[in-house]
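All of the numbers you see were taken from the coordinates with simple rules; none came from a lab. From a predicted model like this one, the values you see are computed outputs, not experimental measurements. All Cβ positions, glycine included, derive from the backbone under ideal geometry; neighbour counts span all protein chains shown.
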Amino acid sequence: MTQPDATPHKKEWGDPGEPRTRLRVSVNGKEVCADVPDRLLLSDFLRDDLGLTALKVGCGEGACGACTILIDGEAARSCTQLAVQTEGAEIVTLEGMNAAGGLNRVQQLFQQHHALQCGYCTPGWLMTVYSMMKRSVCPDSEEVGRHLSGHICRCTGYRNIWAAVRHALSETDGSGVTGEQ
Amino acid sequence: MKPATFKYVRAETQDQAVELLGAADGTARILAGGQSLIPALSARSISTSLLLDIMRCPGLDMVLQSAGEITIGASCRQSQIERNPVIQQSIPLLSEALGWVAMPQVRSRGTVVGCLAQANPGGEVPVVSLALDARFDILLSGGVRRRMPAEDVYARETDTNLPPKSLIVSAAFRSCAAGEGWGFSEVQLRPGHVALVCCAATLAVDEGGSIRSATIAIGGLTTSPYRAHHAEKALLAAGGDVESAIRDAAHMATSERPWPSRTDLHATAAFREKAGVAAVARALKKAHARCSRQAGLKNDTA
Amino acid sequence: MTEETPIYARRSRGRRYAGEAVLRAEDEQLLRGAGGFLPDLPASHAAEICMVRSTQPHAIVRSVRRERALGSPGVIAVLAADDLEFVDDALPCVDMIPGTMDVRQRVIARDRVRYVGQIVAIVVAENRYLAEDAAALVEIDYEPLPPITDHMAAKEPGATLLYPELGTNVVYQVKQRDGNPDFAAREGDLVIRKRFEFHRQTAIPMEPRGVIAKLIDNGERVHVESPTQLPQVLRSALAGAFGLRPDRIRVTAPRLGGGFGCKEMVYPEELLVPAVARKLQRPVRWLEDRREHFAATTHAREETIDAEAVVAPDGTFVGLRIKGWANTGAAYGFVGNTPITAMGAMVRGPYRVPNLDSHMFSVVTNKTPLNVLRGAGAPQAALLMERLLDEAARMLKIDRAEIRRRNLIQPSELPLDRGRTEFAGAYSVLYDEGDYPRCFEAALKLAEYESFEAERKAAAERGKLRGLGISMYVEITAVGPSETARIALQPDGTVLLYSSIMPVGQGSETVQRQLIAEELGIAMEQVAIRQGDTDEVPDAVGTFASRGAAVGGAVGRLAARELVKRIVECCAAACACDSAALRWEFGGVKFPGPADEFVPMAEIPARLATLRRVAEATPEKIEAKYRLEVPRPSYAYAAHVAVVEIDPQTGRIEIPRYTVAHDCGKIINPLLVEGQIVGGVVQGIGEVLRERLVYDSAGDLKTRAMMDYVLPGPSDAPADFRLWHMETPTSFNPFGMRGVGEGGTIGAHGAISNAVADALRDYEIAVEGSGPFTPTWVMETLQRPRRAGPDENRS
């Protein structure tokens, strides 16, 4: 169990009157324990307190998908949860799916298919792809579209994302992704 | 878009949740999945003094099958219920409708009962609860328990009739009867967006092919969902021409709405009325196709 | 010229890079989530700002009371206009042609607010949560004035004035004329008159805005970080605002999470946040949230245009007369008048239409300021022309493709001067080389135009309405006036380009590296690129108008040529011989000697150090600069064909097939070109099907969330997207390149609008324009009376 180290992103909360609750949560395989302001959003806890800045805040209302992570193995929004709601959960962010260096297989496929342009929304998509691979979603199924419809990309026009995702799902045999918990 | 200050408490038991709720001011709320509540708090369109998180309370995560009904506890997540084989078998209408709620990345955290309590306009789960004669088990402070039929809960133009400072412990849905068909239809701007209008319907036919039972529930057309009882009666009274009976019922179901239809940024009232007719007709046709098959009768309205 | 270019990704090989589908090296950091966007930069040292924004569309500000806010936990400061000093508090606008009234925005509201979202006060606190708590406690005493949001009402005499001292709300006007502007219809000509309404939209890049500011160099300089398309412009604006020399200011722009034109702007926050840093003598940060973004980030496209076309009986357009008004909001954007000028400049597209009389106006209203958005006025222009063509075809009973053939400019007529223009960076609209008919025919063929009527019939049997729409446009791209690049051969043997182009998603880094590597004959891995830091790149024009590859890439390549000269000179000096004795060969220098020795570029710095025979000689940098003058923009063009299918029961519009044939000149990276086109088309689809900013009659902005302003999703990508390239080099660009970033959106508006009108051809369209064509719009159109025959409008 570790208290998170101060990161260069963490903000001050000088007011002792701010209600706080103890939080114990597993993040990318490491147990984290902290006294967290009750109203602190999970997206801010992960980005600022833990320095996990891969997830992005695109809308703050759960509509765009840029903040998507895995909670207990399923793709979920981090901007529509309080940090304190994730007590006892297992959280995985993109940092937890990255290979030690370079790109894992899904990331390679995104690059090859040119499925990203500005890259701001990309971490969110990747988490949804990982959750689909966990479930062995069939690349030709309608379910693919339902999962992807949880994301917005303003740059690519989606065509290349569809291709990269279908390609990744067609290769899934459980061993396609490195760094998976 | 950061929430204002509130206190957060992880309730240990249902009773504790309700006692704390009762002792707090009128802004205190139950927190389950938070998928509607947290964004509203972030936008500061609502504020709260106290959030009571019920997700760890024992006895709220059950799916119970008993004679003729399935009971779903307050902490059951939408995605779990959507995929649950018991649900898919016994209340397939709910499983199908859940596939239309928001997006999978929201359903992984949101709860079924949370949808019922939140009652967003166009909410799919309240509509299904009406079509399946659902009953909510409600806990109030002092250990008082109450049962409310869904139709009573939603019998007002806006908000609900849920008692203040109450917790919905579970919701019981009528199981699909032998031979009964079901159908769900939704009109939306695009996948992932809200329902402009939606309809949940059940239908059963007798050996002669005449309709012997029907339920029609409509959401999104008006702020609260409603049951179209006149249209249901008309279906029962209809003779053998099920196709035209469905057409007439669809018109009746939308025109019998108890409140004015809605205009918002996404669609006008007039559009919702027209699309509502189409949605009801589609839901009834699907229901009819399913029950015909089950009863071994010829399918003539698919 | 290449025919259908198959698009596929593969690793680059060898030294030929131009034309190759090279994968983007920048993707690695992006895919690992380490893109280094502004919100990701460490900021625990910075105090957090929340802007207090007007909730009134139009009001006098009587007072701003801060006491309650100052008492809020964690608050460091609460500031208003009185607390900040500016030498010049006006935000820059670069398209104010002579005669334009000065309605440049001021950085902060002083005694008057003119739009919901305008900044009135600034709260500084430990973090954003606490800052928002305090912001809610700032008490502003507004004395409301009547709001006016309708530009057609605002332009009328007697309307409430936003700037009473000006005496009018009509603040800008521009004419574009060609041939005989007073043309009249002759006997037998068809006259078509239509009013077009273009609705208000906004860019919604996935990354909202933000600014970090701090003092550096012992407080002598100000460092401002902002994801802007114009870092150098921002530096100049800051210098002017604070009365400082430009070298006292450093602007660094991280890569942008999308721009689309809304970050081609100098925003109030970009001047206010540094002003706060200077005042408080500490680092500060402001991150825009999405709710704020809808009101605080510039809007686009809202115009009303009356058009009159005179068409000869054979379908050739004699002339076009347009008069239009743009809803420019409460003040100018940085290039807010450019889309208005673009209408007249580009409306005729690839069609001859020899006579033109265009008169456009900008009108101020109580809305967020207007600026450019992908296409910058051209989507509206192309839509207008293309609707008139379809209407003429219908009235004259000429096939829609045929009527366009009769009007298309032929290759032999190009280059073609289309008249003087006020369009920035283009003295006249001078079309460069091209083959419009070839492009047009390719699109029709690829789209299966000839067999469409059978498709329509088959869809009708399924109860669906299918329609086909064409839109062909010519687009001003690769604008000047100039651009600079600096390039260095580093001591370690790598080449570093200091670029003037910001990466906004378009892959500019990869394209520039491709061109440099090819020019120098080295591997791409040896080429690095940096941009966005005004200390390294003090002079640049910036990233907009589809100029990244065509202009940025060209100047980079020319700088590389200069670098070669410098390297040869340095080598000659080091071995004390004449430059002529040395030869640059692909990738290195051939040194003279008993055996000619080839030294690859990467080893040259070390070799030079040895040759100089100075003790402990260290390898040095060799640098070169180039400034490319761009007197004329080049013009990309494309033909779009959209097939839509409408479900009359639900009003849903789907796009089963979308075809683009285009010419952007020499293609450097086909993978990226295709990405720009597809991305642009889908953005255009979203804009005409659903996206719409809504103000109520009280002047309040109602669209404040992504669920309100519905962007296109994955299901909106046309299932069958067909793309065809042709490459006509342009003599207006040193390497034959034209821009491609905006074209997808420009063509989509007209193609889809025409396709929808075609699907609903039995019904009269109530209001022509960009819709949006929502299910409600479809339903209302289907309820209109069926259309009478097309014989009423002959003169």
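Can you tell me the Rg and the Dmax, both Å, for the Cα atoms in chain B?
Both quantities, over Cα of chain B: 19.4, 63 Å.
Only Cα pairs under 8 Å and at least 6 apart count here; give the relative contact order of the range A:20-96 as a rounded whole percent. Write out the running numbers ahead of the final one.
Numbers: 152 pairs, mean separation 30.4, N = 77.
It comes to 39 percent, rounded to a whole number.
Enumerate the whole-percent occupancy of each 5 Å bin, from 0 to the last occupied one, for all C-alpha pair distances of the range A:105-170.
Over the range A:105-170, the share of Cα pairs per 5 Å bin runs 3, 19, 35, 28, 12, 2 percent.
Need the list of aspartates and glutamates near C:Lys194 for cross-linking: C-alpha distance under 12 angstrom, and skip anything on the same chain fewer than eight residues off.
C:Asp306, C:Glu308, C:Glu391, C:Glu768
Running a GNM on chain A with Cα contacts under 10 Å, which residue among A:Glu12, A:Glu61, A:Glu143 ends up with the highest mean-square fluctuation?
Fluctuation is largest for A:Glu12.
Report the dimensions of the range B:181-295 along its three principal axes from the alpha-carbon atoms, largest first, rounded to Å.
Principal extents (largest minus smallest coordinate, Cα): 47, 27, 19 Å.
Which three extents, in angstrom, do the Cα atoms of the range B:139-188 have along their principal axes, listed largest first?
Computed over the range B:139-188, the largest-to-smallest principal extents equal 43, 29, 16 Å.
In nanometres, what is the gap between the two model label sites at C:Lys621 and A:Ser141, each 7 Å from Cα along Cα-to-Cβ?
Between C:Lys621 and A:Ser141, the simple spin-label model gives 5.6 nm.
Please go through the residue pairs C:Lys175/C:Lys323; C:Lys565/C:Lys621; C:Lys397/C:Lys457 and name each one whose alpha carbons sit more than 18 Å apart in this structure. Please report the intermediate quantities before stating the final value.
Numbers: C:Lys175/C:Lys323 9 Å; C:Lys565/C:Lys621 14 Å; C:Lys397/C:Lys457 20 Å.
Over 18 Å apart, Cα to Cα: C:Lys397/C:Lys457.
Subtract the Cα-Cα distance of C:Ala766 and C:Arg786 from 0.36 nm times their separation in residues, and report this length gain in nm to one decimal.
Working: separation 20, 0.36 × 20 = 7.20 nm, distance 1.19 nm.
Result for the pair: 6.0 nm of gain on full extension.
By the scheme Lys and Arg +1, Asp and Glu -1, what is the net charge of all other residues having a beta-carbon under 13 Å from that of B:Glu151?
Combined, the nearby Lys, Arg, Asp and Glu give +2.
Mean separation of Cα pairs under 8 Å and 6+ residues apart, divided by the residue count of chain C: what relative contact order is that in percent? Write down the numbers at each step before the final one.
On the way: 1994 pairs, mean separation 130.6, N = 795.
Relative CO of chain C lands at 16 percent.
Just add up the charged neighbours of C:Tyr637: K/R +1, D/E -1, any other residue whose Cβ is under 11 Å from the Cβ of C:Tyr637.
Values: positive: C:Arg438, C:Arg738; negative: C:Asp432, C:Glu433, C:Asp435, C:Glu475, C:Asp663.
Here the charged neighbours net out to -3.
If you put +1 on each Lys and Arg Cβ and -1 on each Asp and Glu Cβ, how big is the dipole of the protein assembly as shown around its Cα centre, in Debye rounded to 20? Could you put the intermediate results ahead of the total?
Working: 144 positive and 158 negative charges, 64 e Å.
For the protein assembly as shown, the charge dipole is close to 300 debye.
Sequence neighbours fewer than 8 away in the same chain don't count; with that in mind, list the lysines whose C-alpha is under 19 Å from C:Lys263.
Within reach: A:Lys56, C:Lys367.
In nm², what is the average projected area of the convex hull enclosing the Cα atoms of the range C:653-781?
On the way: hull surface 41.5 nm².
Averaged projected area of the range C:653-781's Cα convex hull equals 10.4 nm².
Summing +1 for each Lys or Arg and -1 for each Asp or Glu, what net charge is found among the other residues whose Cβ lies under 11 Å from the Cβ of B:Leu94? Walk me through the numbers on the way to the answer.
Numbers: positive: B:Arg174; negative: B:Glu82, B:Glu96, B:Glu124.
Net charge in that neighbourhood comes out at -2.
If you split all Cα-Cα distances of the protein assembly as shown into 10 Å bins from zero, what percentages do you get per bin, shortest first?
Going out from 0 Å in 10 Å bins, the protein assembly as shown shows 2, 9, 16, 21, 21, 16, 9, 4, 1, 0, 0 percent.
Give me log10 I(q)/I(0) at q = 0.09, 0.12, 0.17, 0.22 Å⁻¹ for the range C:221-361, Debye formula, one equal scatterer per alpha-carbon, no solvent.
The calculated log intensity ratios at q = 0.09, 0.12, 0.17, 0.22 Å⁻¹ are -0.43, -0.65, -0.96, -1.32.
Give me P(r) over the range A:28-73, computed from all C-alpha to C-alpha distances, binned every 10 Å, as integer percentages.
Per 10 Å bin, starting at 0, the Cα pair percentages come out as 23, 57, 20.
Mind sorting C:Glu165, C:Glu525, C:Glu441 by how few other Cβ atoms lie within 10 Å of their own Cβ, fewest first? Please list the in-between numbers first.
On the way: C:Glu165 6, C:Glu525 11, C:Glu441 17.
The fewest-first ordering by Cβ neighbours comes to C:Glu165, C:Glu525, C:Glu441.
List every residue whose amide H lies under 5 Å from the amide H of A:Leu41, counting only residues 5 or more places away in sequence or on a different chain, with H placed 1.01 Å from N in the peptide plane.
A:Ala83
Could you work out the relative contact order of the range A:105-170? I mean the mean sequence separation of Cα pairs under 8 Å and 6+ apart, divided by the number of residues, in percent. Let's see the in-between values first.
Values: 58 pairs, mean separation 35.8, N = 66.
Computed over the range A:105-170, the figure is 54 percent.
Counting only complete DSSP H runs, which helices of chain B cover 15 Å or more along their long axis at the Cα atoms and score a mean Kyte-Doolittle of 0.0 or above? Show your work: numbers first, answer last.
Working: long enough: B:242-255 (19 Å, 0.06); B:269-295 (38 Å, -0.21).
Span-like helices here: B:242-255.
Could you calculate the FRET efficiency of C:Glu308 with C:Glu187 from 1/(1 + (r/R0)^6), where r is the beta carbon distance between them and R0 is 22 Å, rounded to 0.05?
Details: r = 17 Å, r/R0 = 0.78.
After rounding, the FRET efficiency stands at 0.80.
So which lysines can B:Lys7 reach, going by Cα to Cα under 26 Å and dropping same-chain residues fewer than 8 places off?
Counting by Cα, and skipping residues close in sequence, B:Lys7 has these lysines nearby: A:Lys10, A:Lys11, B:Lys165.
So what's chain C giving for Rg/Rh, alpha carbon basis, Kirkwood Rh from the mean inverse pair distance? If you can, show how the numbers build up before the last one.
Values: Rg = 27.7 Å, Rh = 27.9 Å.
Looking at chain C, the ratio lands at 0.99.
May I have the convex hull volume per residue, in Å³, for the Cα set of the range A:20-96?
Working: hull volume 5.6 nm³, N = 77.
Dividing the Cα hull volume of the range A:20-96 by its residues yields 72 Å³.
Over the alpha-carbon set of the range C:409-517, work out the extent along each principal axis and list the three values in angstrom, largest first.
Here the Cα extents, ordered largest to smallest, are 71, 38, 24 Å.
Grab the DSSP H runs of chain C that are 4 residues or longer, score each as -39,500 (n - 2.57), total them, divide by all residues and round the 222 nm result to the nearest 500 deg cm²/dmol.
-7500 deg cm²/dmol
Just from the alpha-carbon atoms, what are the Rg and Dmax of chain A in angstroms?
When restricted to Cα atoms, chain A yields Rg and Dmax of 16.6, 54 Å.
Write down the radius of gyration of the range C:350-395 and its Dmax, each obtained from C-alpha positions, in Å.
My reading of the Cα-based Rg and Dmax gives 14.3, 40 Å.
Starting from the Cα gyration tensor of the range B:63-174, multiply each eigenvalue by 5, take the square root, and state the resulting semi-axes largest first in whole Å.
On the way: eigenvalues 86, 51, 35 Å².
After scaling each eigenvalue by five and taking roots: 21, 16, 13 Å.
Taking the radius of gyration and the Kirkwood hydrodynamic radius from Cα positions alone, what is the Rg/Rh ratio for the range C:678-741, to two decimal places?
Working: Rg = 18.2 Å, Rh = 15.2 Å.
We get a ratio of 1.20 for the range C:678-741.
Per residue of the range C:593-609, in order, report the coupling 6.51 cos²θ - 1.76 cosθ + 1.60 (Karplus, θ = phi - 60°) as ³J(HN,Hα) in whole Hz, putting x for Gly and Pro.
x, x, 10, 3, 10, 9, 10, x, 3, 4, 9, 4, x, 5, 4, 4, 4
Evaluate peptide C:67-74: per residue, the Cβ atoms of other protein chains within 10 Å of its Cβ; return the mean as an integer. Present the calculation step by step, with values, prior to reporting the outcome.
Numbers: counts 0, 0, 0, 0, 0, 1, 7, 6.
Counting Cβ atoms of other protein chains within 10 Å of each residue's Cβ and averaging gives 2.
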